[in-house]
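For reference, the structure is listed below as structure tokens.
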Amino acid sequence: MNIAVVGTGYVGLVAGVCFAESGHSVICVDIDENKVNKLKQGIVPIYEPGLSEMMQNGIDSGRLKFTTNLKEHLDNVKIVFIAVGTPMDEDGSADVQYVLAVAKELGENIKSYTVVVDKSTVPVGTADLVKEKIQSLTSVPFDVVSNPEFMKEGAALSDFLHPDRIVIGSESQVAEDFMLKLYEPFVRTGAPILCMDIKSAELTKYVSNAMLATKISFMNEMAQLSDAVGADINKVRKAVGADKRIGSSFLFPGVGYGGSCFPKDVKAIEKTGLDNFIPMKIMKAVNDVNADQKLFMAKKMESVFGNLEGLLFAVWGLAFKPKTDDMREAPSLVIIEFLLDKGAKVVAYDPQSMQVTKDFCLGDKITYADSQEEALNGADALLLVTEWNEFRTLDFDLLKSKMKGDKIFDGRNIYDKKEVQSNGFSYYGVGC
């Protein structure tokens, strides 16, 4: 099947690469000429495990191509995925101007029946806007489909190729049949394809992310309570998660969630509720708790030291989660800015996101180490923010030889408190 994917950001690029990997002919479109030229050379603009190799396979096979010109390829494709950005407006709503810009171009240029698929995360009702825009510009038949993505950064290829479920929102049996044929290779292990109306599909993505964010904020708030009363949230989490009605996933307390999805989608569903006179009280609380949680460990550090002026902190991990270089809404930025405002100095190490942090976030406000070991030199304390695998095992002899202080602040509760203390260090976790 011939497919066009408009937008080569995280969603669009992964989708295009995976469709090509499954045997389809894919043209990926982006208005950024420099980015497209790099993609043609096999240069991936984001870090995602396995993506570079799979993309190169697609290029070498001839099934994956890149262009800045959508118009010249529309005669050869039957399905066009819109996967452009939907950034958050000041009021929390998702900005769909780029989605509608693609719709306009399609309306002006399609020559035969086309299935137009909203792959971007968009508010309920966006498909109607896309349909209206295209209809206003052409009499050529087309259908609009909602097909939200559910990929996790750091595991996107696996999530796309082996999904838990695929959601298709459509008003047309013809369009639905196209989508079922397209996704058939991905569900041979029994994962369901859930066909529904368009608005339900659009809402599904927001509700899914809102539920996951709610579990995180709930457990983080319980971690704060645990810290206050002297309980161990790790023991509480395991006992609560053993209840099959609750489950153990997303019950890990930490320094708050970040990234491009949860913060934006929680605020977007809150705004959608307000627009429809349904105040999203839980969503507001989820967002507020997450904002507070990003400062929880920083304030604990201030409480332990009393005065942070002149102290040097080694920070392990900058990205909002492991296996990505994504710094959007990263808790590390809030924590580091707090430390800097208090007069502390920071030296940080992250396996993938240091250049992004330097170029777009913190600049030269902090020092960037070449290794996790180098970051420890002369540090008064170690702060673990992002739980990369290489940070999970501590070499206590190394820590003693390099650090000035003896305090470890574990922002993800990945270390064993008793082991840390038995090796002569003070341990401070989240709710334990």
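General observations
Here is a yes/no grid of residues against (1) of a type in the set (D, E, K, R); (2) over 25 Å from the mean Cα position of the chain (by Cα); (3) under 28 Å from residue 284 (Cβ atoms); (4) at pLDDT below 95:
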site: 61; (1), (2), (3), (4): no, yes, no, no
site: 67; (1), (2), (3), (4): no, yes, no, no
site: 82; (1), (2), (3), (4): no, no, no, no
site: 114; (1), (2), (3), (4): no, yes, no, no
site: 120; (1), (2), (3), (4): no, no, yes, yes
site: 127; (1), (2), (3), (4): no, no, yes, no
site: 133; (1), (2), (3), (4): yes, yes, no, no
site: 136; (1), (2), (3), (4): no, yes, no, no
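- Residue match in the range 246-260 (condition: loosely packed, with under 15 Cβ neighbours inside 10 Å and over 30 Å from residue 86 (Cβ atoms)): yes
- Inclusion of residue 393 among residues that are touching a residue at least 24 places away in the same chain (Cβ under 8 Å) and either crowded, with 22+ Cβ neighbours inside 10 Å or of a type outside the set (Phe, Trp, Tyr) (or both) is not warranted.
- Of all the criteria given as (1) free of Cβ contacts under 8 Å to residues at least 60 places away in the same chain; (2) farther than 18 Å from residue 206 by Cβ; (3) of a type in the set (A, V, I, L, M, F, W, C); (4) crowded, with 23+ Cβ neighbours inside 10 Å, the one not satisfied by residue 295 is (4).
- Tally of residues being in a loop (DSSP other than H, G, I, E, B) and without any contact (Cβ under 8 Å) to a residue 60 or more places away in the chain across the range 88-106: 4
- The residue list 152, 133, 199, 205 contains one member that is basic (Lys, Arg), without any contact (Cβ under 8 Å) to a residue 24 or more places away in the chain and either surrounded by 14 or more Cβ atoms within 10 Å (Cβ to Cβ) or in a helix (DSSP H, G or I) (or both), which is 152.
- Some residue of the range 186-196 being surrounded by 16 or more Cβ atoms within 10 Å (Cβ to Cβ), in a helix (DSSP H, G or I) and at pLDDT 95 or above: no
- Restricting the range 396-418 to residues that are without any contact (Cβ under 8 Å) to a residue 12 or more places away in the chain and assigned to a helix (DSSP H, G or I), the residue that is farthest from residue 371 (Cα to Cα): 418
- Boolean, residue 3 is touching a residue at least 60 places away in the same chain (Cβ under 8 Å) and more than 25 Å from residue 178 (Cβ to Cβ): no
- The C-beta contact set for the range 159-188 (first residue assigned by TED's automatic domain parsing to the domain that holds residue 130, second residue basic (Lys, Arg) and not in a helix (DSSP H, G or I), distance under 8 angstrom, 6+ apart or interchain) comprises 159/152; 178/78.
- Single residue of 393, 357 found to be of a type outside the set (Gly, Ala, Ser), part of a helix (DSSP H, G or I) and either out of contact with any strand residue (DSSP E or B) (no Cβ under 7 Å at 6 or more places or on another chain) or not assigned by TED's automatic domain parsing to the domain that holds residue 326 (or both): 357
- Verdict on residue 332 being surrounded by fewer than 18 Cβ atoms within 10 Å (Cβ to Cβ) and outside the structural domain of residue 87 (by TED's automatic domain parsing): no
- Every residue from the range 303-315 that is surrounded by 24 or more Cβ atoms within 10 Å (Cβ to Cβ) and out of contact with any Asp or Glu (no Cβ under 7 Å at 6 or more places or on another chain): 314, 315
- Complete set of residues in the range 399-423 that are surrounded by fewer than 18 Cβ atoms within 10 Å (Cβ to Cβ) and in contact with a helix residue (DSSP H, G or I) (Cβ under 7 Å, 6 or more places away or on another chain): 402, 423
- When residue 274 is tested against (1) at pLDDT 95 or above; (2) of a type outside the set (S, T, N, Q); (3) in a helix (DSSP H, G or I), just one condition goes unmet, and that condition is (1).
- Candidates 266, 315, 304, 255, filtered to the one that is under 22 Å from the mean Cα position of the chain (by Cα) and in a helix (DSSP H, G or I): 266
- Selection count where residues are farther than 30 Å from residue 90 by Cα and surrounded by 15 or more Cβ atoms within 10 Å (Cβ to Cβ), scope the range 223-245: 11
The values are calculated or read from the model by the stated rules, or taken from the named source; none is laboratory data. What you are looking at is a predicted structure, and each value in this text was computed from that prediction instead of being measured. Neighbour counts are summed over all protein chains in view; Cβ atoms, including those assigned to glycine, are modelled from backbone coordinates with ideal geometry.
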